[in-house]
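**Student:** Quick one: the structure is below, and I'll ask about it shortly.
The values are calculated or read from the model by the stated rules, or taken from the named source; none is laboratory data. Since this is a predicted model, take the numbers as computed values, not measurements. Glycine gets a Cβ as well: all are built from the backbone with ideal geometry, and neighbour counts include every protein chain shown. Heavy atoms of the whole protein, side chains included, go into the accessibility calculation; ligands, DNA and RNA do not. Shrake-Rupley method; radii C 1.70, N 1.55, O 1.52, S 1.80 Å.
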Amino acid sequence: MTLVVKIGGGAGIDAVPVVEEIARLVAEGERVVVVHGGSQLTNELSERLGHPMQVLTAPNGMTSRYTDAETLRIYAMAVAGQMNTELVALLQRRGVNAVGLAGVDGRLLLARRKTALRAVMPDGRVRVVRDDYSGQIEQVNASLLQLLLGAGYTPVVAPLALGLEGERLNVDGDRVAAAIAAALSVETLAILTNVPGLLRDLADPASVVRDIAAHELEQYLPYAQGRMRKKLLGAQEALAGGVRRVCIGTGSLAAVLAGEGTTITASACLSESTAVSSSSSYIAALSAEVRR
């Protein structure tokens with residue numbers, strides 16, 4: 001079996017114990033693809049290099065990193081340089097023959113650049129931003145990952161994609177993990193983050209929504225704040241692509257896989273046509289919210 005694990009790059013996430021769990025799974029014969037983020041490190045490098053992070057706020061209230069040419073260079077240093085090589089080294093230290101990849105390697109991740117983003121300025125006016133280097137995944141080179149997995153390697157993927165004109169693009173790590181999970185037809189995608197799951201009350205860590213069926217996701221959308229909205233979008237994209245369940249949580253990978261966080265499962269009770277229709281309408285609605 002193959003498992004896709006997304007290790008978040010936000011503040012407060014300790015990758016070391018997760019790496020140890022992945023090493024145990026690999027030793028037991030599990031094939032694992034690791035996808036990681038790098039938001040916190042990118043923020044820190046941006047400050048140190050005198051180019052602080054800027055945030056774009058869409059008319060619907062969603063926020064995203066403004067990725068101009070300089071920010072893209074810093075982002076690449078963070079995710080494809082430091083984060084990726086550190087995770088590969090940690091895995092190698094534990095006997096896992098890991099291979100670090102950015103999405104530009106072997107055309108692993110192809111994305112379409114978002115050439116015109118609508119952003120609300122501090123004075124309330126809406127401006128179209130045209131120099132942003134972010135994108136949406138359109139294709140995954142699954143055969144490259146299968147080749148590596150079949151040869152006994154553990155791919156570690158940085159969310160830096162290749163644009164249709166050969167440019168590098170910042171892509172969302174959760175949606176990268178979802179796209180890879182769907183392309184590999186895996187049963188489970190685990191998204192490890194710095195919150196215990198989808199919370200009914202942000203002030204109460206114990207208010208985790210434990211189980212959600214795919215066709216029920218829309219009713220839980222009002223509880224999703226900030227980055228959690230994109231995680232739900234990634235989860236729905238993965239499920240629509242054939243993944244059976246998506247587990248979202250923090251801390252131990254084993255605990256999250258056992259249901260300690262939020263587990264979203266494919267809706268077996270729905271007919272195939274109804275499930276596809278439900279997935280398509282939900283993705284369209286949620287995509288409209290996060291489109292930048």
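**Student:** Only one of Leu184, Leu199, Leu221, Leu217 is among the aliphatic types (A, V, I, L, M) and open to solvent by less than 10 Å² (accessible area, probe 1.4 Å); which?
**Tutor:** Numbers: Leu184 fails: open to solvent by less than 10 Å² (accessible area, probe 1.4 Å); Leu199 fails: open to solvent by less than 10 Å² (accessible area, probe 1.4 Å); Leu221 fails: open to solvent by less than 10 Å² (accessible area, probe 1.4 Å).
None of the others qualify; the one that does is Leu217.
**Student:** Restricted to the stretch 121-131, and to residues that are assigned to a strand (DSSP E or B) and closer than 16 Å to Thr67 by Cα, which residue is most open to solvent (accessible area, probe 1.4 Å)?
**Tutor:** Here is the first cut: in the stretch 121-131, the ones assigned to a strand (DSSP E or B) are 126-129.
From what's left, closer than 16 Å to Thr67 by Cα: 127-129.
Numbers: Arg127: 118, Val128: 68, Val129: 3 Å².
Here the answer is Arg127.
**Student:** Could you tell me whether Leu239 is assigned to a helix (DSSP H, G or I), crowded, with 19+ Cβ neighbours inside 10 Å and at pLDDT below 95? I'd like the intermediate steps shown before the answer.
**Tutor:** Details: assigned to a helix (DSSP H, G or I): yes; crowded, with 19+ Cβ neighbours inside 10 Å: yes; at pLDDT below 95: no.
Considered against the rule, which asks whether it is assigned to a helix (DSSP H, G or I), crowded, with 19+ Cβ neighbours inside 10 Å and at pLDDT below 95, Leu239 comes out as no.
**Student:** Please pick out the residue among Thr42, Thr2, Thr67 that is within 18 Å of the chain's Cα centre (by Cα) and within 16 Å of Leu257 (Cα to Cα).
**Tutor:** Numbers: Thr42 fails: within 16 Å of Leu257 (Cα to Cα); Thr67 fails: within 16 Å of Leu257 (Cα to Cα).
Residue meeting the stated conditions: Thr2.
**Student:** Would the stretch 165-174 turn up any residue that is farther than 18 Å from Ile212 by Cβ, open to solvent by 30 Å² or more (accessible area, probe 1.4 Å) and free of Cβ contacts under 8 Å to residues at least 24 places away in the same chain?
**Tutor:** Our first condition is that a residue be farther than 18 Å from Ile212 by Cβ; within the stretch 165-174, this holds for 165-173.
In the following step, the residues that additionally are open to solvent by 30 Å² or more (accessible area, probe 1.4 Å) were identified as 165-168.
Narrowing the set further to residues that are free of Cβ contacts under 8 Å to residues at least 24 places away in the same chain leaves 166.
Yes, because at least one residue in the stretch 165-174 is farther than 18 Å from Ile212 by Cβ, open to solvent by 30 Å² or more (accessible area, probe 1.4 Å) and free of Cβ contacts under 8 Å to residues at least 24 places away in the same chain.
**Student:** Sticking with this structure for a sec: List the number of the failed condition for Val156; all other conditions in (1) within 30 Å of Ala102 (Cβ to Cβ); (2) open to solvent by 60 Å² or more (accessible area, probe 1.4 Å) hold.
**Tutor:** It is condition (2) that Val156 fails.
**Student:** What pairs can you find where one residue is in the stretch 72-87 and over 13 Å from Leu101 (Cα atoms) and touching a residue at least 12 places away in the same chain (Cβ under 8 Å), the other is of a type in the set (Phe, Trp, Tyr) and open to solvent by 40 Å² or more (accessible area, probe 1.4 Å), and their Cβ atoms are less than 8 Å apart, with a gap of 6+ or different chains?
**Tutor:** Listed by first residue and then by second, the contacts come to Leu72/Tyr133.
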